[in-house]
Every structure is written in structure tokens, then in C-alpha cells.
Amino acid sequence: GANDFTLRLVVALIGALLPLSVLLLREHLRDGEVVVAAAFLAANPIVLYYSRFFRSTIPVAAFCFLAFALLVRYYDTRRPRYFHAGILALALAFTAKENAAVYVLVWLGAGALVLDHELFRPRASDTGFQRIGAAWTRTVRDRDLRDVLPRVIGHLLLSAAIFAAVILFFYAPRAGSPGGVGLYNALGNPGLFPEVVSATID
């Protein structure tokens, strides 16, 4: 039933499962470092403290961390399922709290710093421009884009659909009266979906 325990249970479970996400970074960490990182997340006083309350602090942080780890795993394996799972986790973060956008901005800023460092200190080329040219040749010029591009576009569209579906499910109104504009009524009457989407955006 509705009580204090069930109110806090979901947040506590999300906080408790957060250390498992470190396994997604195992290509970049030694076994001992994986254990230490997981232990840090499991015993972190801030995580433990906020996991006791029904608030969005832990869900947004956990889902954003999971999204980042899944995207890193996608980079390591090039398996699209990790990319889609990362987008799903990011969408869940946006349903928890709007400051998930800050996490994305931090990722972009950190990525820009890494790119700047790699271009000014290239290891396999004489200059940063040569490294850009080599990457362009390797990923674009030497590949048949007629085979690659449709798959890339397809996966991007699928990820966009996943993100939109999660946002719609969590933010769409639930009509309490028959025939009202709401998600559950739209499931029985698909013609209501445009109105539900419009009400969600508004």
C-alpha cells in the first residue's frame, strides 16, 4: 500500500543498483579499480543520505551516470543496443529532474576539452589537422556510405523514438474521465494521440 516504506523504496533501489553501472567501464579500468569505484558509489555518504528520501536527486544522478557508462560501452563495443540503452537511461533522467540537461552540457564541455587536448598533442600524427584528415578518411572516405548511412539514420531515429516515448509516457496527462485527453484513453483510441502529444508539450 501507500506508506513511507514504499514511497522511498524506488529511490533506495536505484541508489543501491548504481554501483553495478561501473561494470560498463571495465574496458578502461583494471579489476581492482572496478571494485574500488563500485565500493565508492556503494558507500558514498551523499548517495546513502539522499537514497533515504523520496526526491529526484538520486534518480537523475544515477540515470545520467548509467547513460554515460552505456555510451562509453557503446564506444568500446560498437553494439547499437548500448547506444539505445544509453538514450533510454538519459530519457529516464529527464523524467526525474530537469537539471539532467546540466549533465549533458558537462559531457559536451568535457568532450570539447578532450578533443582540444588530442588536436594540440596528437600522438599518431604531426598536427591536429592531419589527425582530423586521417579520421575522416578512415570513417567516411574509405567506407561505403550507401551501406553505413541507412543503418546510422535508422538507429538515430529509433533512439529518438525511444526518448520521445519515455518522455511522453511520464509527462502525458492521464484522463480520469471517459473520452478525455489522456494517455490511457489514447491507447484505446489512437486518434487521441495528437491531442495527447500537444497537451504534453504544452
Selection from segment 102-142 of residues in contact with a Pro (Cβ under 6 Å, 6 or more places away or on another chain) and either modelled with pLDDT under 75 or of a type in the set (V, I, T) (or both) yields G128
Where in segment 60-141 are there helices (runs of 4 or more DSSP H), lying wholly inside it, with at least 3 residues that are open to solvent by 60 Å² or more (accessible area, probe 1.4 Å) and not small (G, A, S)?
100-120, 128-136
Residues that are of a type in the set (F, W, Y) and surrounded by fewer than 14 Cβ atoms within 10 Å (Cβ to Cβ), drawn from segment 149-170:
F169
Of all residues in segment 145-169, which are under 18 Å from A186 (Cα atoms) and either small (G, A, S) or not in a helix (DSSP H, G or I) (or both)?
A161, A164, A165
Conditions (1) surrounded by 10 or more Cβ atoms within 10 Å (Cβ to Cβ); (2) under 26 Å from Y82 (Cβ atoms); number of the one not met by R146
(1)
Return the pairs, sorted by first residue and then second, in which the second residue is open to solvent by 90 Å² or more (accessible area, probe 1.4 Å) and among the hydroxyl-bearing types (S, T, Y), the first residue lies in segment 140-160 and is in contact (Cβ under 8 Å) with a residue 60 or more places away in the chain and more than 21 Å from L71 (Cα to Cα), the beta carbons are less than 6 Å apart, and the residues are 6+ apart or on different chains.
none
Take the residues in segment 35-48 that are assigned to a helix (DSSP H, G or I) and within 22 Å of V102 (Cα to Cα); name whichever of them is most open to solvent (accessible area, probe 1.4 Å).
I46
Failed condition for P45, given (1) out of contact with any helix residue (DSSP H, G or I) (no Cβ under 8 Å at 6 or more places or on another chain); (2) modelled with pLDDT of 95 or more
(2)
All-but-one check, V11 against (1) in contact (Cβ under 8 Å) with a residue 24 or more places away in the chain; (2) in a helix (DSSP H, G or I); (3) closer than 30 Å to L156 by Cβ; (4) not charged (D, E, K, R), failing number (3)
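The values are calculated or read from the model by the stated rules, or taken from the named source; none is laboratory data. Quick caveat, the model's predicted, so the values are computed rather than measured. Counting neighbours? That spans all protein chains shown, and the Cβs are built from the backbone with ideal geometry, glycine included. The area values use the complete protein model at the heavy-atom level, side chains included, leaving out ligands, DNA and RNA. Shrake-Rupley method; radii C 1.70, N 1.55, O 1.52, S 1.80 Å.
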